[in-house]
Amino acid sequence: MYNAAGQPDRDQLVQRFAPLVKRIAYHLMARLPPSVQFDDLVQNGMIGLLDAIDRFQEGFGAQFETYATQRIRGAMLDGLRENDWLPRNLRRELRRIEAAINQLEHERGRVPSERELAEALGMSLADYQKTLQDARGHQLVYFDDLAGDGEEDFLERHLTDNAADPASILEDRGVKALLVAAIGGLPEREKLMMALYYEQDLNLREIGEVMGVTESRVCQLHSQAIARLRSQIVGEIPKAAKRRKEKA
């Protein structure tokens, strides 16, 4: 992997880790709407791989693969953000859902059902579930895209704030505890779905087989679970960023 001058051979490294890019792209495609092109993800992922090769200084073994995975996935998500693949009206609908979840939980002291949420939003249950289905992939950006009432996302609002790096913020014990509690408070079916998806690394079809529901229903449950989690922690992320900035 090194040339005669003792420097890393970029072409060989790209060939070696190109399958990693495709593997990450396939994993993300399972969570995205059909409008997203696999080749676009791979192209952005290769940019992330090249960036990782140029930045990494400690050899190119397992430790590099861990580092490269983060850069590759980040480059793919950056490409999705730039293309604005989720329509703004759908983003607004998701914000409405999160607000309704928060309001009903405070009013009733429990997790609201899908039917209760649909009624609170003035929607039929079928329309509510279709919105969840259309939101497939919205949860991909995870905590990078947590936002308040405005249109700009978390990274845009904290782009120049090194202390506000999402990965660093999630290291904040308070945010971790809040997230664990929020996951623990999910309805049992959504909690099971999250465990199968994130801990067992099953895809939507496999989860559907385990739970005895369709793949589209799993997608709806996933979007709804993420909306519930966001409604719990969206206000805590900026607070954590502020705490880290004060400590810096």
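The values are calculated or read from the model by the stated rules, or taken from the named source; none is laboratory data. What you are looking at is a predicted structure, and each value in this text was computed from that prediction instead of being measured. Glycine gets a Cβ as well: all are built from the backbone with ideal geometry, and neighbour counts include every protein chain shown. Calculation scope for accessible area: heavy atoms of the full protein, side chains included, ligands and nucleic acids excluded. Shrake-Rupley method; radii C 1.70, N 1.55, O 1.52, S 1.80 Å.
In segment 49-84, the qualifying residues are those that are under 16 Å from Gln37 (Cβ atoms) and of a type in the set (Asp, Glu), and the one that is modelled with the highest pLDDT is Asp78.
Within segment 201-227, residues that are closer than 12 Å to Arg136 by Cα reach partners that are open to solvent by 60 Å² or more (accessible area, probe 1.4 Å) and among the charged types (D, E, K, R) with beta carbons closer than 7 Å, at six or more positions or on different chains, in the pairs Leu204/Glu215; Glu215/Arg205; Leu221/Arg189. For Arg96, work out the one condition from (1) over 30 Å from Asp11 (Cβ atoms); (2) in a helix (DSSP H, G or I); (3) at pLDDT below 90 it doesn't fulfil. If we test Arg96 against (1) over 30 Å from Asp11 (Cβ atoms); (2) in a helix (DSSP H, G or I); (3) at pLDDT below 90, just (3) comes out false.
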